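Have a look at the structure below before the remarks.
The values are calculated or read from the model by the stated rules, or taken from the named source; none is laboratory data. The model shown is predicted, which means the values in this text are computed figures rather than measured ones. Note that we place each Cβ from the backbone using ideal geometry, even for glycine, and neighbour counts take in every protein chain shown. What goes into the accessible areas is simple: the full protein's heavy atoms, side chains included, and nothing from ligands, DNA or RNA. Shrake-Rupley method; radii C 1.70, N 1.55, O 1.52, S 1.80 Å.
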Amino acid sequence: MESIAMEWGNLLLRWLHIICGIAWIGSSFYFMHLDASLRQIPEIDRGGETWEVHGGGFYQVRKYLVAPARMPAELTWHKWQSYSTWLSGFFLLMWMYYLGSELYLIDPAIKQLTPHMAAVFGIGGLALGWLVYDGMMKSPLAKHVVPLATIGFAFIIAVAYGFQQIFSGRGAMVHTGALMATIMTGNVFMNIIPNQKKVVADLIAGREPNPEYGYQAKVRSSHNNYLTLPVVFLMMSGHYPLVFSSPYAWVMIGFILVAGALIRHFYNERHAGRGDKWWAWIVSIIAMLIVIGISVWSNPGARDQLGLAPLDAPLVQQAKADLPKEVENVIVSRCSMCHAAQPVWDGIAAAPKGVLLDEPAHIARQAEAIRVQAVMTHAMPPNNITEITGEERKVLAQWLAKK
Ligand code: HEC
(Lines give C-alpha, C1' and ligand atoms only; values in the text may rest on other atoms or scores of the structure.)
Protein backbone atom coordinates (compact mmCIF):
# COMPACT_ATOMS: atom_id res chain seq x y z
CA MET A 1 0.00 0.00 0.00
CA GLU A 2 2.66 2.45 1.05
CA SER A 3 4.81 1.73 -1.98
CA ILE A 4 1.82 2.20 -4.31
CA ALA A 5 1.12 5.61 -2.74
CA MET A 6 4.80 6.58 -2.95
CA GLU A 7 5.03 5.54 -6.59
CA TRP A 8 1.82 7.34 -7.65
CA GLY A 9 2.57 10.43 -5.58
CA ASN A 10 5.95 10.57 -7.24
CA LEU A 11 4.51 10.21 -10.75
CA LEU A 12 1.68 12.73 -10.28
CA LEU A 13 3.90 15.36 -8.65
CA ARG A 14 6.52 14.91 -11.35
CA TRP A 15 3.87 15.26 -14.05
CA LEU A 16 2.64 18.50 -12.53
CA HIS A 17 6.15 19.79 -11.95
CA ILE A 18 7.27 19.18 -15.53
CA ILE A 19 4.16 20.85 -16.97
CA CYS A 20 4.61 23.92 -14.75
CA GLY A 21 8.31 24.01 -15.58
CA ILE A 22 7.61 23.93 -19.32
CA ALA A 23 5.16 26.83 -18.91
CA TRP A 24 7.64 28.84 -16.85
CA ILE A 25 10.71 28.27 -18.96
CA GLY A 26 8.64 28.77 -22.09
CA SER A 27 7.53 32.19 -20.87
CA SER A 28 11.08 33.06 -19.79
CA PHE A 29 12.34 32.28 -23.31
CA TYR A 30 9.40 34.10 -24.85
CA PHE A 31 9.85 37.33 -22.90
CA MET A 32 13.64 37.39 -23.32
CA HIS A 33 13.09 37.01 -27.05
CA LEU A 34 10.37 39.64 -27.04
CA ASP A 35 12.55 42.13 -25.16
CA ALA A 36 15.42 41.53 -27.54
CA SER A 37 13.31 41.99 -30.65
CA LEU A 38 11.67 45.28 -29.60
CA ARG A 39 12.41 48.18 -31.95
CA GLN A 40 12.10 51.86 -31.12
CA ILE A 41 8.96 53.66 -32.30
CA PRO A 42 8.19 57.39 -32.07
CA GLU A 43 5.07 56.90 -29.88
CA ILE A 44 7.05 55.33 -27.04
CA ASP A 45 9.82 57.15 -25.22
CA ARG A 46 11.48 54.14 -23.66
CA GLY A 47 10.56 50.61 -24.73
CA GLY A 48 9.56 49.60 -28.21
CA GLU A 49 7.39 47.50 -30.44
CA THR A 50 7.60 44.23 -32.30
CA TRP A 51 5.38 42.26 -34.67
CA GLU A 52 4.88 38.52 -34.40
CA VAL A 53 2.90 35.93 -36.29
CA HIS A 54 1.44 32.84 -34.65
CA GLY A 55 -1.67 30.69 -34.70
CA GLY A 56 -3.36 32.31 -37.67
CA GLY A 57 -2.91 35.97 -36.77
CA PHE A 58 -0.50 38.85 -36.31
CA TYR A 59 0.42 40.31 -32.93
CA GLN A 60 1.58 43.85 -32.37
CA VAL A 61 3.32 43.86 -29.00
CA ARG A 62 4.55 47.01 -27.25
CA LYS A 63 6.68 47.40 -24.18
CA TYR A 64 6.47 50.53 -22.04
CA LEU A 65 9.46 51.11 -19.83
CA VAL A 66 8.92 51.56 -16.91
CA ALA A 67 5.15 51.85 -17.41
CA PRO A 68 2.52 53.32 -19.72
CA ALA A 69 1.10 56.75 -18.90
CA ARG A 70 -2.13 55.27 -17.57
CA MET A 71 -3.08 52.01 -15.93
CA PRO A 72 -4.67 49.68 -18.54
CA ALA A 73 -8.13 48.28 -17.80
CA GLU A 74 -6.88 44.70 -17.77
CA LEU A 75 -3.47 43.35 -16.96
CA THR A 76 -2.19 39.76 -17.17
CA TRP A 77 0.39 38.89 -14.54
CA HIS A 78 3.02 36.26 -15.20
CA LYS A 79 3.89 34.77 -11.86
CA TRP A 80 2.07 31.49 -11.31
CA GLN A 81 4.20 29.65 -13.87
CA SER A 82 7.10 30.29 -11.52
CA TYR A 83 5.30 29.73 -8.20
CA SER A 84 3.64 26.51 -9.33
CA THR A 85 6.94 25.13 -10.65
CA TRP A 86 8.65 25.81 -7.36
CA LEU A 87 5.77 24.50 -5.21
CA SER A 88 5.32 21.28 -7.20
CA GLY A 89 9.09 20.79 -7.22
CA PHE A 90 9.30 21.34 -3.49
CA PHE A 91 6.52 18.80 -2.84
CA LEU A 92 8.22 16.34 -5.17
CA LEU A 93 11.49 16.89 -3.30
CA MET A 94 9.73 16.22 -0.01
CA TRP A 95 7.85 13.22 -1.33
CA MET A 96 10.74 11.50 -2.97
CA TYR A 97 13.86 12.71 -1.19
CA TYR A 98 12.65 13.51 2.34
CA LEU A 99 10.01 10.80 2.79
CA GLY A 100 12.15 8.33 0.85
CA SER A 101 15.42 9.72 2.17
CA GLU A 102 16.94 6.35 2.96
CA LEU A 103 16.62 5.36 -0.65
CA TYR A 104 17.46 8.57 -2.41
CA LEU A 105 19.09 11.12 -0.15
CA ILE A 106 21.17 9.43 2.53
CA ASP A 107 24.20 7.43 1.52
CA PRO A 108 25.77 5.93 4.66
CA ALA A 109 29.08 5.59 2.83
CA ILE A 110 29.14 9.41 2.59
CA LYS A 111 27.45 10.48 5.80
CA GLN A 112 25.23 8.73 8.32
CA LEU A 113 22.38 11.23 8.60
CA THR A 114 18.98 10.74 10.16
CA PRO A 115 16.08 11.51 7.77
CA HIS A 116 15.34 14.62 9.87
CA MET A 117 18.86 15.94 9.69
CA ALA A 118 18.94 15.29 5.95
CA ALA A 119 15.75 17.33 5.43
CA VAL A 120 17.06 20.14 7.66
CA PHE A 121 20.32 20.32 5.67
CA GLY A 122 18.40 20.21 2.41
CA ILE A 123 15.82 22.90 3.16
CA GLY A 124 18.38 24.95 5.12
CA GLY A 125 20.70 24.87 2.11
CA LEU A 126 17.97 26.19 -0.17
CA ALA A 127 17.09 29.03 2.20
CA LEU A 128 20.74 29.95 2.74
CA GLY A 129 21.30 29.97 -1.02
CA TRP A 130 18.56 32.52 -1.51
CA LEU A 131 19.78 34.74 1.34
CA VAL A 132 23.35 34.81 -0.01
CA TYR A 133 22.24 35.56 -3.57
CA ASP A 134 19.75 38.23 -2.49
CA GLY A 135 22.38 39.76 -0.20
CA MET A 136 24.80 40.00 -3.13
CA MET A 137 22.13 41.60 -5.31
CA LYS A 138 21.43 44.24 -2.67
CA SER A 139 25.14 45.04 -2.20
CA PRO A 140 27.28 47.32 -4.39
CA LEU A 141 28.51 44.14 -6.11
CA ALA A 142 25.21 44.00 -8.04
CA LYS A 143 26.37 46.86 -10.29
CA HIS A 144 29.49 45.01 -11.47
CA VAL A 145 28.50 42.21 -13.81
CA VAL A 146 31.78 40.30 -14.10
CA PRO A 147 32.67 40.12 -10.37
CA LEU A 148 29.02 39.32 -9.58
CA ALA A 149 28.91 36.45 -12.10
CA THR A 150 32.29 35.12 -10.88
CA ILE A 151 31.33 35.15 -7.21
CA GLY A 152 27.85 33.74 -7.96
CA PHE A 153 29.43 30.95 -9.99
CA ALA A 154 31.97 30.12 -7.24
CA PHE A 155 29.16 30.14 -4.67
CA ILE A 156 27.05 27.60 -6.58
CA ILE A 157 30.04 25.29 -7.02
CA ALA A 158 30.93 25.58 -3.32
CA VAL A 159 27.35 24.66 -2.37
CA ALA A 160 27.37 21.72 -4.81
CA TYR A 161 30.62 20.53 -3.24
CA GLY A 162 29.08 20.90 0.22
CA PHE A 163 25.97 18.93 -0.76
CA GLN A 164 28.21 16.18 -2.14
CA GLN A 165 29.92 15.85 1.24
CA ILE A 166 26.63 15.09 3.01
CA PHE A 167 24.15 13.65 0.49
CA SER A 168 23.99 10.77 -2.00
CA GLY A 169 25.04 11.69 -5.54
CA ARG A 170 21.43 12.05 -6.69
CA GLY A 171 20.56 14.06 -3.60
CA ALA A 172 23.45 16.46 -4.19
CA MET A 173 22.54 17.06 -7.85
CA VAL A 174 18.86 17.65 -7.20
CA HIS A 175 19.58 19.99 -4.27
CA THR A 176 22.03 22.06 -6.30
CA GLY A 177 19.38 22.34 -9.03
CA ALA A 178 16.74 23.18 -6.42
CA LEU A 179 18.99 25.88 -4.97
CA MET A 180 19.23 27.61 -8.34
CA ALA A 181 15.50 27.14 -8.91
CA THR A 182 14.81 28.67 -5.49
CA ILE A 183 16.90 31.70 -6.43
CA MET A 184 14.88 31.98 -9.64
CA THR A 185 11.48 31.78 -7.95
CA GLY A 186 12.75 33.98 -5.11
CA ASN A 187 13.56 36.58 -7.76
CA VAL A 188 9.99 36.47 -9.04
CA PHE A 189 8.29 36.32 -5.64
CA MET A 190 10.50 38.62 -3.59
CA ASN A 191 11.65 41.15 -6.18
CA ILE A 192 10.14 41.17 -9.66
CA ILE A 193 6.45 40.96 -8.70
CA PRO A 194 6.69 43.27 -5.64
CA ASN A 195 8.48 45.85 -7.82
CA GLN A 196 5.78 45.55 -10.49
CA LYS A 197 3.15 46.06 -7.80
CA LYS A 198 4.84 49.29 -6.68
CA VAL A 199 4.79 50.50 -10.29
CA VAL A 200 1.09 49.64 -10.60
CA ALA A 201 0.34 51.45 -7.32
CA ASP A 202 2.19 54.54 -8.62
CA LEU A 203 0.22 54.44 -11.87
CA ILE A 204 -3.10 54.21 -10.06
CA ALA A 205 -2.12 57.09 -7.79
CA GLY A 206 -1.01 59.12 -10.80
CA ARG A 207 2.65 59.21 -9.67
CA GLU A 208 5.67 58.77 -11.94
CA PRO A 209 7.04 55.25 -11.21
CA ASN A 210 10.70 54.98 -10.22
CA PRO A 211 12.67 53.49 -13.17
CA GLU A 212 14.88 51.63 -10.70
CA TYR A 213 12.04 49.11 -10.12
CA GLY A 214 11.85 48.15 -13.77
CA TYR A 215 15.65 47.96 -14.02
CA GLN A 216 15.99 45.62 -11.04
CA ALA A 217 13.22 43.35 -12.30
CA LYS A 218 14.88 43.11 -15.71
CA VAL A 219 18.30 42.23 -14.24
CA ARG A 220 16.87 39.50 -12.05
CA SER A 221 14.74 38.05 -14.79
CA SER A 222 17.86 37.88 -17.01
CA HIS A 223 19.64 35.96 -14.26
CA ASN A 224 16.72 33.54 -14.26
CA ASN A 225 17.01 33.13 -17.98
CA TYR A 226 20.72 32.26 -17.82
CA LEU A 227 20.04 29.66 -15.12
CA THR A 228 17.26 27.80 -16.97
CA LEU A 229 19.35 25.34 -18.99
CA PRO A 230 21.73 24.34 -16.14
CA VAL A 231 18.77 23.86 -13.76
CA VAL A 232 16.99 21.52 -16.17
CA PHE A 233 20.21 19.55 -16.67
CA LEU A 234 20.66 19.15 -12.91
CA MET A 235 17.06 18.05 -12.43
CA MET A 236 17.50 15.37 -15.11
CA SER A 237 20.97 14.29 -14.09
CA GLY A 238 19.62 12.39 -11.07
CA HIS A 239 18.57 9.72 -13.57
CA TYR A 240 22.04 9.35 -15.08
CA PRO A 241 24.54 7.66 -12.79
CA LEU A 242 27.51 8.53 -15.00
CA VAL A 243 26.96 12.07 -13.74
CA PHE A 244 25.57 11.77 -10.23
CA SER A 245 27.61 8.84 -8.98
CA SER A 246 30.89 10.61 -9.71
CA PRO A 247 32.64 12.16 -6.69
CA TYR A 248 33.50 15.02 -9.05
CA ALA A 249 29.90 15.82 -9.97
CA TRP A 250 30.45 19.29 -8.43
CA VAL A 251 33.20 19.99 -10.97
CA MET A 252 30.89 18.87 -13.76
CA ILE A 253 28.25 21.30 -12.45
CA GLY A 254 30.69 24.16 -13.02
CA PHE A 255 31.14 23.28 -16.68
CA ILE A 256 27.40 22.73 -17.13
CA LEU A 257 26.73 26.21 -15.75
CA VAL A 258 29.13 27.67 -18.30
CA ALA A 259 27.72 25.64 -21.20
CA GLY A 260 24.06 26.33 -20.38
CA ALA A 261 24.54 30.05 -19.76
CA LEU A 262 26.56 30.52 -22.96
CA ILE A 263 23.89 28.86 -25.09
CA ARG A 264 21.31 31.26 -23.62
CA HIS A 265 23.75 34.11 -24.31
CA PHE A 266 24.05 33.05 -27.96
CA TYR A 267 20.28 33.27 -28.43
CA ASN A 268 19.82 36.45 -26.41
CA GLU A 269 22.48 38.18 -28.52
CA ARG A 270 21.09 36.80 -31.78
CA HIS A 271 17.53 37.90 -30.99
CA ALA A 272 18.75 41.35 -30.05
CA GLY A 273 20.23 41.64 -33.54
CA ARG A 274 23.81 41.72 -32.24
CA GLY A 275 24.91 38.87 -34.50
CA ASP A 276 25.62 35.18 -34.09
CA LYS A 277 28.28 34.65 -31.44
CA TRP A 278 29.31 31.16 -32.58
CA TRP A 279 32.20 31.13 -30.13
CA ALA A 280 29.57 30.60 -27.39
CA TRP A 281 28.53 27.30 -28.96
CA ILE A 282 32.14 26.21 -29.41
CA VAL A 283 32.99 26.91 -25.76
CA SER A 284 29.77 25.14 -24.66
CA ILE A 285 30.60 22.05 -26.68
CA ILE A 286 34.12 21.97 -25.23
CA ALA A 287 32.65 22.34 -21.72
CA MET A 288 30.27 19.43 -22.33
CA LEU A 289 33.10 17.27 -23.70
CA ILE A 290 35.03 17.98 -20.50
CA VAL A 291 31.94 16.94 -18.48
CA ILE A 292 31.75 13.66 -20.41
CA GLY A 293 35.48 13.15 -19.87
CA ILE A 294 35.20 13.70 -16.11
CA SER A 295 32.24 11.30 -15.91
CA VAL A 296 34.28 8.55 -17.56
CA TRP A 297 37.50 9.27 -15.72
CA SER A 298 35.84 9.23 -12.30
CA ASN A 299 33.45 6.25 -12.63
CA PRO A 300 35.06 2.83 -12.10
CA GLY A 301 32.63 0.98 -14.42
CA ALA A 302 33.20 3.42 -17.29
CA ARG A 303 37.01 3.33 -16.83
CA ASP A 304 36.88 -0.42 -16.94
CA GLN A 305 34.93 -0.44 -20.23
CA LEU A 306 37.51 1.83 -21.84
CA GLY A 307 40.35 -0.32 -20.49
CA LEU A 308 41.71 2.43 -18.20
CA ALA A 309 43.52 1.45 -15.01
CA PRO A 310 41.27 1.58 -11.91
CA LEU A 311 41.54 4.58 -9.61
CA ASP A 312 42.64 3.89 -6.06
CA ALA A 313 39.31 4.21 -4.30
CA PRO A 314 39.28 4.03 -0.51
CA LEU A 315 37.53 0.86 0.63
CA VAL A 316 34.29 1.74 2.36
CA GLN A 317 33.36 -0.54 5.22
CA GLN A 318 29.70 -1.47 4.84
CA ALA A 319 27.64 -2.15 7.91
CA LYS A 320 26.66 -5.81 8.30
CA ALA A 321 23.13 -6.39 7.07
CA ASP A 322 20.69 -8.96 8.24
CA LEU A 323 19.73 -10.40 4.87
CA PRO A 324 18.47 -13.96 4.31
CA LYS A 325 20.95 -15.94 2.23
CA GLU A 326 18.33 -17.03 -0.32
CA VAL A 327 17.40 -13.38 -1.00
CA GLU A 328 21.04 -12.52 -1.51
CA ASN A 329 21.39 -15.43 -3.93
CA VAL A 330 18.42 -14.33 -6.04
CA ILE A 331 19.55 -10.74 -6.27
CA VAL A 332 23.19 -11.50 -6.89
CA SER A 333 22.39 -14.01 -9.62
CA ARG A 334 19.65 -11.93 -11.35
CA CYS A 335 20.47 -8.29 -10.73
CA SER A 336 24.07 -7.62 -9.75
CA MET A 337 25.56 -8.06 -13.24
CA CYS A 338 24.09 -4.60 -13.97
CA HIS A 339 23.67 -3.17 -10.46
CA ALA A 340 27.31 -3.17 -9.31
CA ALA A 341 30.00 -0.50 -9.04
CA GLN A 342 31.64 -2.16 -12.03
CA PRO A 343 28.78 -3.71 -14.01
CA VAL A 344 29.73 -6.70 -16.17
CA TRP A 345 26.69 -6.35 -18.46
CA ASP A 346 27.53 -5.11 -21.96
CA GLY A 347 26.44 -1.54 -22.53
CA ILE A 348 26.02 -0.65 -18.83
CA ALA A 349 28.83 1.62 -17.68
CA ALA A 350 27.64 2.51 -14.18
CA ALA A 351 25.06 0.98 -11.84
CA PRO A 352 21.67 2.01 -13.35
CA LYS A 353 20.20 4.90 -11.31
CA GLY A 354 23.08 4.35 -8.91
CA VAL A 355 21.22 1.34 -7.47
CA LEU A 356 23.84 -1.09 -6.11
CA LEU A 357 22.70 -4.66 -5.52
CA ASP A 358 26.03 -6.38 -5.12
CA GLU A 359 26.32 -7.10 -1.41
CA PRO A 360 23.95 -7.67 1.53
CA ALA A 361 24.15 -4.16 2.98
CA HIS A 362 23.41 -2.55 -0.39
CA ILE A 363 20.58 -4.97 -1.12
CA ALA A 364 18.96 -4.39 2.27
CA ARG A 365 19.04 -0.62 1.72
CA GLN A 366 17.16 -1.01 -1.58
CA ALA A 367 14.37 -3.19 -0.14
CA GLU A 368 11.60 -0.73 -1.02
CA ALA A 369 12.91 -0.16 -4.53
CA ILE A 370 13.21 -3.91 -5.08
CA ARG A 371 9.58 -4.26 -3.97
CA VAL A 372 8.41 -1.75 -6.61
CA GLN A 373 10.66 -2.94 -9.43
CA ALA A 374 10.75 -6.72 -9.06
CA VAL A 375 7.79 -7.80 -6.88
CA MET A 376 4.94 -5.32 -7.24
CA THR A 377 5.78 -4.95 -10.92
CA HIS A 378 8.04 -6.95 -13.18
CA ALA A 379 9.92 -3.92 -14.47
CA MET A 380 13.21 -5.48 -13.35
CA PRO A 381 15.17 -7.26 -14.66
CA PRO A 382 14.42 -5.33 -17.90
CA ASN A 383 12.38 -7.66 -20.16
CA ASN A 384 13.38 -10.38 -17.69
CA ILE A 385 16.66 -10.54 -19.49
CA THR A 386 18.33 -12.54 -16.70
CA GLU A 387 15.37 -14.94 -16.49
CA ILE A 388 14.32 -14.56 -12.90
CA THR A 389 11.68 -17.23 -12.09
CA GLY A 390 8.31 -16.87 -10.39
CA GLU A 391 9.71 -18.86 -7.46
CA GLU A 392 12.55 -16.41 -7.04
CA ARG A 393 10.19 -13.44 -7.05
CA LYS A 394 8.25 -15.23 -4.28
CA VAL A 395 11.43 -15.47 -2.22
CA LEU A 396 11.76 -11.68 -2.53
CA ALA A 397 8.06 -11.15 -1.76
CA GLN A 398 8.23 -13.26 1.42
CA TRP A 399 11.28 -11.37 2.65
CA LEU A 400 9.64 -8.01 1.90
CA ALA A 401 6.34 -9.04 3.53
CA LYS A 402 8.21 -9.16 6.85
CA LYS A 403 9.50 -5.60 6.43
C1 HEC B 1 20.43 -5.96 -17.76
C2 HEC B 1 20.71 -5.05 -16.69
C3 HEC B 1 19.80 -5.02 -15.48
C4 HEC B 1 19.46 -6.07 -14.65
C5 HEC B 1 19.88 -7.51 -14.76
C6 HEC B 1 18.65 -5.48 -13.60
N7 HEC B 1 18.50 -4.14 -13.80
FE8 HEC B 1 17.58 -2.85 -12.55
N9 HEC B 1 17.96 -1.31 -13.85
C10 HEC B 1 18.56 -1.46 -15.08
C11 HEC B 1 18.44 -0.23 -15.82
C12 HEC B 1 18.97 0.05 -17.21
C13 HEC B 1 17.73 0.67 -14.97
C14 HEC B 1 17.36 2.12 -15.25
C15 HEC B 1 15.98 2.14 -15.83
C16 HEC B 1 15.55 3.55 -16.20
O17 HEC B 1 16.35 4.32 -16.67
O18 HEC B 1 14.37 3.83 -15.99
C19 HEC B 1 17.48 -0.04 -13.73
C20 HEC B 1 16.84 0.53 -12.66
C21 HEC B 1 16.60 -0.15 -11.47
C22 HEC B 1 16.10 0.44 -10.27
C23 HEC B 1 15.82 1.92 -10.06
C24 HEC B 1 14.49 2.31 -10.58
C25 HEC B 1 14.24 3.79 -10.42
O26 HEC B 1 13.53 4.30 -11.30
O27 HEC B 1 14.75 4.43 -9.51
C28 HEC B 1 15.94 -0.56 -9.36
C29 HEC B 1 15.45 -0.42 -7.93
C30 HEC B 1 16.34 -1.79 -10.00
N31 HEC B 1 16.74 -1.52 -11.29
C32 HEC B 1 16.30 -3.02 -9.40
C33 HEC B 1 16.65 -4.19 -10.03
C34 HEC B 1 16.46 -5.50 -9.45
C35 HEC B 1 15.84 -5.78 -8.11
C36 HEC B 1 16.95 -6.40 -10.35
C37 HEC B 1 16.98 -7.91 -10.22
C38 HEC B 1 15.75 -8.54 -9.93
C39 HEC B 1 17.47 -5.65 -11.47
N40 HEC B 1 17.24 -4.31 -11.25
C41 HEC B 1 18.10 -6.19 -12.57
C42 HEC B 1 19.24 -2.57 -15.55
C43 HEC B 1 19.17 -3.82 -14.95
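One table, with the values for the structure above:
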quantity	calculated
Hits in region 271-297 - residues which are open to solvent by 90 Å² or more (accessible area, probe 1.4 Å) and not hydrophobic (A, V, I, L, M, F, W, C)	R274
Qualifying position, being surrounded by 14 or more Cβ atoms within 10 Å (Cβ to Cβ), in the same structural domain as P42 (by TED's automatic domain parsing) and over 19 Å from V159 (Cα atoms), among H144, H116, H78	H78
Filtered residues of region 376-403 (kept if of a type in the set (D, E) and surrounded by 15 or more Cβ atoms within 10 Å (Cβ to Cβ))	E392
Lone unmet requirement of (1) within 19 Å of the chain's Cα centre (by Cα); (2) over 30 Å from L126 (Cα atoms) for L92	(2)
Lone unmet requirement of (1) at pLDDT 95 or above; (2) buried (at least 19 other Cβ atoms within 10 Å of the Cβ) for A154	(2)
Test: L93 is modelled with pLDDT of 95 or more and part of a helix (DSSP H, G or I)	yes
Test for R39: is it open to solvent by 50 Å² or more (accessible area, probe 1.4 Å), basic (K, R) and within 22 Å of R274 (Cα to Cα)	yes
Residue in region 394-401 that is part of a loop (DSSP other than H, G, I, E, B) and under 25 Å from I4 (Cα atoms) present	no
Count - residues of region 175-233 that are of a type in the set (D, E) and in contact with a Pro (Cβ under 7 Å, 6 or more places away or on another chain)	1
In region 212-257, residue surrounded by the fewest Cβ atoms within 10 Å (Cβ to Cβ) [restricted to those that are without any contact (Cβ under 8 Å) to a residue 60 or more places away in the chain and within 16 Å of the ligand (Cβ to nearest atom)]	M236
Among residues of region 258-270, those that are of a type outside the set (A, V, I, L, M) and open to solvent by 20 Å² or more (accessible area, probe 1.4 Å), counted	4
G307, sole failed condition from (1) more than 10 Å from the ligand (Cβ to nearest atom); (2) assigned to a helix (DSSP H, G or I); (3) under 30 Å from V251 (Cβ atoms)	(2)
Count of residues meeting criterion [under 19 Å from A109 (Cα atoms), free of Cβ contacts under 8 Å to residues at least 24 places away in the same chain and within 8 Å of the ligand (Cβ to nearest atom)] in region 342-359	1
Condition met for T176 (more than 16 Å from F244 (Cβ to Cβ) and buried (at least 19 other Cβ atoms within 10 Å of the Cβ))	no
Filter pass, I388 being near the ligand (Cβ under 8 Å from one of its atoms), not in a helix (DSSP H, G or I) and not polar (S, T, N, Q)	yes
Test: residue in region 262-273 that is in contact with a helix residue (DSSP H, G or I) (Cβ under 7 Å, 6 or more places away or on another chain) and under 23 Å from Y161 (Cα atoms)	yes
Qualifying residues in region 196-211 (those that are free of Cβ contacts under 8 Å to residues at least 40 places away in the same chain and over 15 Å from Y64 (Cβ atoms)) - the one most open to solvent (accessible area, probe 1.4 Å)	R207
Candidates H339, H362 - the one that is within 8 Å of the ligand (Cβ to nearest atom), surrounded by 14 or more Cβ atoms within 10 Å (Cβ to Cβ) and under 31 Å from the mean Cα position of the chain (by Cα)	H339
Scan of region 36-61 for residues that are among the basic types (K, R) and outside any strand (DSSP E or B), ordered by number	R46
